[in-house]
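Asks: Please see the structure below; I have some questions.
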Amino acid sequence: MSARTLAVTASVGVVLYLGWLGWKDLLTDSLLPSTELALVAETTDADAGAAVATAPSPNSSSAREHSGPLTSAAAAASEKGMAPAASATPPAEPEQALSAGPVAGAPHAVRSSEARPASVPDPRDRPTADPEEARDKPRSKLALGGWVLDRDGNAASGVPVEARLRRLFASLDAGSMAGAPSEQRVYTDAAGRFAFQDVPDGEYELRTERTELYEKATAVVRAGADSAVLVVETRSRRTFFVHGIVESARGGPLAGVRIDVAGQPALATVSDEIGRYGLRVPVSEPPRDVALRFVRNGYREVRMPVGGGDAADVVQDVRLEPAGQLASVSGVLTGDDGPPVVRASVQLYSEERGRRYQAVSDPGGRFLLAGVEESDDYRLWVHPARGYRDHIRDGVEVRGQGPVLDVKLESLGTATLRGSMVDPEGRPVPGFTLWLRTAYGASGSTAVTGDAQGRFATGDLPEGPVALETRAAPQLGVTGISLASGTPREVVIPLDVGSYRVEGTLRAENGAPVGGARVSLHWSRADGGLGSRSLRETTSDATGYFLFTQLGAGVHTLSATATGFRSIRLDQPVGPATPPIEIKLAASP
């Protein structure tokens with residue numbers, strides 16, 4: 001056989017083999033069984049943290065590259081001009097990246113001052129994403145994106161950003177949850193931008209790491225947020241030293257007193273055997289006043305302001321007042337149907353003393369609150385885990401050995417809530433998750449997820465008021481719903497979600513941009529006693545630019561506050577073709 005014949009035969013074999021591989025993949029895909037996830041509600045006892053905002057960009061050019069929600073992973077990101085998912089490789093020289101262009105291993109961004117190649121269209125020339133088109137896109141692949149800015153609105157480049165999964169939501173596509181990583185990490189680019197692709201629907205904690213230039217920052221957002229902003233404090237290398245002696249008001253030094261910075265419990269020390277303490281406190285940028293807490297059992301807590309670091313050495317002696325005679329408060333919790341009530345939260349609070357004590361009832365319904373300061377204005381609040389109404393008793397007097405407070409709790413019936421979630425224009429919101437809280441008889445929250453038509457139903461709820469809310473940005477809340485035993489409640493819940501956006505620029509009266517301003521966007525609707533509201537917050541960048549996305553239609557209230565300027569509040573219509581706005585801020589007197 002000739003060499004030419006051998007070559008032709010080998011080429012035909014390769015072609016046939018590659019063709020077989022293509023058919024094999026096609027057949028495998030078509031024969032794989034599909035799986036549907038029929039999860040409508042799940043219960044958790046954990047509460048999510050506070051929420052931070054959605055919004056702006058580090059410059060108007062890069063901001064406009066986001067023409068709509070991140071709903072279709074890399075394809076959608078490419079379509080909107082957004083940077084691809086960043087590499088997990090850290091930048092070699094983050095300081096140099098501030099002036100040397102995009103950070104190595106991070107998403108690429110084109111600065112407004114950089115020339116764009118002729119083959120790359122400017123994203124500002126693209127029309128705004130069509131709401132109907134965005135509504136019909138699959139929800140199985142979502143993304144997270146946004147910017148990291150400093151307090152003045154300047155882009156923070158080369159900053160590590162982690163997306164940590166807090167909770168998965170029920171999904172219309174079971175495949176979106178398969179193999180979901182619990183944590184992803186990228187680095188901000190030269191414009192401070194970051195992006196995570198292909199994340200399943202749920203709540204995520206975005207967290208920046210502490211670097212040589214910046215302190216860490218966190219925010220809790222929902223999957224799909226495309227304009228989240230993390231504001232990092234610039235690190236200060238300055239510190240000041242606070243020291244002194246802690247004494248008892250009855251005389252003599254106090255050892256074992258814990259001293260910490262209010263709001264920063266990790267910055268702490270303990271007084272020694274002669275009551276002496278010393279604590280080095282970093283100076284924040286910009287400087288802010290600091291208060292120290294002095295805490296010891298048997299003494300009343302003291303908070304003492306120590307300034308913001310104007311002096312390098314601060315002497316602060318403190319005298320603590322004894323708490324006085326301490327008592328114990330005990331009792332037994334039983335239901336009106338006889339049995340003891342277990343795992344109920346029992347709280348005792350005195351406004352005069354500023355003291356709160358808490359216990360949980362045992363299997364016999366018994367509770368004990370020890371070390372209670374004497375007072376006659378205590379409020380007793382019993383919050384059962386399930387099946388009973390809360391019990392509140394005011395004017396409880398605690399003297400001497402302390403009272404015995406036996407409580408009989410009223411039992412609760414159960415009810416069902418069902419309905420639909422719609423946008424402000426009345427169209428269904430598919431696959432959206434809200435957390436349901438009950439006023440009575442439940443210690444946690446229930447995740448309620450709408451189906452493909454936005455419908456939901458959840459039963460076995462205690463009668464009484466309930467509320468629905470998000471636990472991550474954007475902050476949505478629904479109130480005014482009350483459930484009655486044996487009577488299902490049907491509701492239509494309008495939510496401020498959609499495909500619209502509001503963008504604009506803040507300027508001083510002389511035309512200079514106002515960066516680092518806090519910008520808020522509020523929306524509310526009341527109908528038949530049911531109230532729905534939303535709140536989004538962001539920070540303007542160094543060019544004064546801000547951005548809100550994924551909005552529902554209708555009039556919103558926009559407010560802006562900035563140091564050195566008067567606050568402003570105005571009504572802002574939101575719809576399919578909302579033009580960019582420019583807001584002038586007047587200087588404060």
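The values are calculated or read from the model by the stated rules, or taken from the named source; none is laboratory data. Given the structure is predicted, the values throughout are model-derived calculations rather than measurements. Methodologically, a virtual Cβ is constructed for each residue, glycine included, from the backbone with ideal geometry; neighbour enumeration extends over all protein chains shown.
Asks: Return yes when Thr578 is at pLDDT below 95 and in contact with a Phe, Trp or Tyr (Cβ under 9 Å, 6 or more places away or on another chain) and no when it is not.
Replies: In short, yes.
Asks: What residue, of Pro282, Pro322, is at pLDDT below 90 and either over 30 Å from Gly400 (Cα atoms) or touching a helix residue (DSSP H, G or I) at 6+ places or on another chain (Cβ under 6 Å) (or both)?
Replies: Just one listed residue meets the conditions, Pro282.
Asks: Can you tell me which residue in segment 381-391 is surrounded by the most Cβ atoms within 10 Å (Cβ to Cβ), limited to those that are assigned to a strand (DSSP E or B) and in contact with an Asp or Glu (Cβ under 9 Å, 6 or more places away or on another chain)?
Replies: Here the residue is Tyr388.
Asks: Just to be sure, is Val315 within 23 Å of Val261 (Cβ to Cβ), more than 37 Å from the chain's Cα centre (by Cα) and modelled with pLDDT of 90 or more?
Replies: yes
Asks: Okay, moving on. Being surrounded by 13 or more Cβ atoms within 10 Å (Cβ to Cβ) and without any contact (Cβ under 8 Å) to a residue 40 or more places away in the chain: is that true of Arg296 here?
Replies: Numbers: surrounded by 13 or more Cβ atoms within 10 Å (Cβ to Cβ): yes; without any contact (Cβ under 8 Å) to a residue 40 or more places away in the chain: no.
No: the conditions fail for Arg296.
Asks: I need the full set of residues from segment 328-343 which are of a type in the set (Gly, Ala, Ser), modelled with pLDDT of 90 or more and out of contact with any Phe, Trp or Tyr (no Cβ under 8 Å at 6 or more places or on another chain), in order please.
Replies: From segment 328-343, those of a type in the set (Gly, Ala, Ser) are 328, 330-331, 335, 338; that's our starting set.
From the residues that got through so far, the ones that are modelled with pLDDT of 90 or more too are 328, 330-331, 335.
Within segment 328-343, Ser328 is the sole residue that qualifies.
Asks: Is it true that some residue in segment 559-573 is closer than 19 Å to Val422 by Cα and surrounded by 18 or more Cβ atoms within 10 Å (Cβ to Cβ)?
Replies: no
Asks: Out of (1) modelled with pLDDT of 95 or more; (2) in contact with a His (Cβ under 9 Å, 6 or more places away or on another chain), the odd one out for Val497 is which?
Replies: (2)
Asks: Would you confirm whether any residue within segment 493-510 is over 26 Å from Pro580 (Cα atoms), hydroxyl-bearing (Ser, Thr, Tyr) and over 19 Å from the mean Cα position of the chain (by Cα)?
Replies: No, that holds for no residue.
Asks: Would a scan of segment 559-578 turn up a residue that is aromatic (Phe, Trp, Tyr) and in contact with an Asp or Glu (Cβ under 8 Å, 6 or more places away or on another chain)?
Replies: Checked segment 559-578: no residue is aromatic (Phe, Trp, Tyr) and in contact with an Asp or Glu (Cβ under 8 Å, 6 or more places away or on another chain).
Asks: Let me ask you something else. Being outside any strand (DSSP E or B) and modelled with pLDDT of 95 or more is the filter here; which residues of segment 517-545 pass it?
Replies: Residues satisfying the conditions are Ala517, Ser540, Asp541, Ala542, Thr543, Gly544.
Let's see how each residue does on (1) crowded, with 17+ Cβ neighbours inside 10 Å; (2) modelled with pLDDT of 85 or more:
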site	(1), (2)
Gly175	no, no
Asp189	yes, yes
Asp226	yes, yes
Arg235	no, no
His243	no, yes
Glu247	yes, yes
Gly251	no, yes
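Asks: I'd like to verify a number: residues in segment 363-380 that are at pLDDT 95 or above, more than 8 Å from Val329 (Cβ to Cβ) and surrounded by fewer than 19 Cβ atoms within 10 Å (Cβ to Cβ), how many?
Replies: Final tally of qualifying residues: 4.
Asks: Here are some conditions: (1) crowded, with 18+ Cβ neighbours inside 10 Å; (2) touching an Asp or Glu at 6+ places or on another chain (Cβ under 7 Å). Val261 meets all but one. Which one does it not meet?
Replies: Evaluating Val261 over (1) crowded, with 18+ Cβ neighbours inside 10 Å; (2) touching an Asp or Glu at 6+ places or on another chain (Cβ under 7 Å) leaves (2) as the failure.
Asks: Okay, next question. Which residues, counting only those in segment 556-576, are without any contact (Cβ under 8 Å) to a residue 24 or more places away in the chain and not in a loop (DSSP other than H, G, I, E, B)? Even if it seems obvious, please write down each step before you answer.
Replies: Of segment 556-576, the ones without any contact (Cβ under 8 Å) to a residue 24 or more places away in the chain are 566-571, 573.
Within segment 556-576, Ile568, Arg569, Leu570, Asp571, Pro573 meet the criteria.
Asks: Follow-up. For segment 458-511, which residues satisfy the criterion of being touching a residue at least 24 places away in the same chain (Cβ under 8 Å) and exposed (fewer than 15 other Cβ atoms within 10 Å of the Cβ)?
Replies: Once the filter is applied, which keeps residues that are touching a residue at least 24 places away in the same chain (Cβ under 8 Å) and exposed (fewer than 15 other Cβ atoms within 10 Å of the Cβ), segment 458-511 yields Gly459, Asp460, Pro465, Ala484, Ser485, Gly486, Thr487, Pro488, Glu490, Val492, Glu509.
Asks: From the list Gly331, Gly256, Gly335, Gly298, pick out the single residue that is under 25 Å from Ala370 (Cβ atoms) and assigned by TED's automatic domain parsing to the domain that holds Ser361.
Replies: Gly331
Asks: Check whether at least one residue in segment 294-301 is polar (S, T, N, Q), under 31 Å from the mean Cα position of the chain (by Cα) and modelled with pLDDT under 90, and report yes or no.
Replies: Filtering segment 294-301 down to residues polar (S, T, N, Q) leaves 297.
Going one step further and asking which of them are under 31 Å from the mean Cα position of the chain (by Cα), we end up with none.
No, that holds for no residue.
Asks: Quick one: which strands (runs of 3 or more DSSP E) sit completely within segment 392-511 and have at least 2 residues that are within 30 Å of Ser588 (Cβ to Cβ) and not assigned by TED's automatic domain parsing to the domain that holds Arg366?
Replies: Once the strands (runs of 3 or more DSSP E) in segment 392-511 are filtered for at least 2 residues that are within 30 Å of Ser588 (Cβ to Cβ) and not assigned by TED's automatic domain parsing to the domain that holds Arg366, what remains is 500-508.
Asks: Filter segment 315-328 down to residues that are hydrophobic (A, V, I, L, M, F, W, C) and either more than 11 Å from Glu373 (Cα to Cα) or free of Cβ contacts under 8 Å to residues at least 40 places away in the same chain (or both) and give me whichever is surrounded by the fewest Cβ atoms within 10 Å (Cβ to Cβ).
Replies: Taking segment 315-328 as the starting set, the residues that turn out to be hydrophobic (A, V, I, L, M, F, W, C) are 315, 318, 320, 323, 326-327.
When the remaining residues are screened for being either more than 11 Å from Glu373 (Cα to Cα) or free of Cβ contacts under 8 Å to residues at least 40 places away in the same chain (or both), the result is 315, 318, 320.
Numbers: Val315: 11, Val318: 18, Leu320: 21.
Step by step, filter segment 315-328, then rank; the result is Val315.
Asks: From the list Ala370, Ala359, Ala344, exactly one residue is free of Cβ contacts under 8 Å to residues at least 24 places away in the same chain and not assigned by TED's automatic domain parsing to the domain that holds Ile274. Which is it?
Replies: Ala359
Asks: Sticking with this structure for a sec: Can you find, within segment 199-214, the residue that is nearest to Thr449 (Cα to Cα) among those that are of a type in the set (Asp, Glu) and either outside the structural domain of Ala156 (by TED's automatic domain parsing) or surrounded by fewer than 17 Cβ atoms within 10 Å (Cβ to Cβ) (or both)?
Replies: Going through segment 199-214, the residues of a type in the set (Asp, Glu) turn out to be 201, 203, 205, 209, 212.
Filter once more, keeping what is either outside the structural domain of Ala156 (by TED's automatic domain parsing) or surrounded by fewer than 17 Cβ atoms within 10 Å (Cβ to Cβ) (or both): 209, 212.
On the way: Glu209: 33, Glu212: 42 Å.
Only one residue tops the list, namely Glu209.
Asks: Count, please, the residues in segment 268-293 that happen to be more than 30 Å from Ser375 (Cβ to Cβ) and free of Cβ contacts under 8 Å to residues at least 12 places away in the same chain. Please lay out each step first, then the result.
Replies: Kept after step one, since they are more than 30 Å from Ser375 (Cβ to Cβ), are these residues of segment 268-293: 269, 272-274, 276, 278-290.
The next check asks that each one be free of Cβ contacts under 8 Å to residues at least 12 places away in the same chain; those that pass are 269.
Counting residues in segment 268-293 that are more than 30 Å from Ser375 (Cβ to Cβ) and free of Cβ contacts under 8 Å to residues at least 12 places away in the same chain gives 1.
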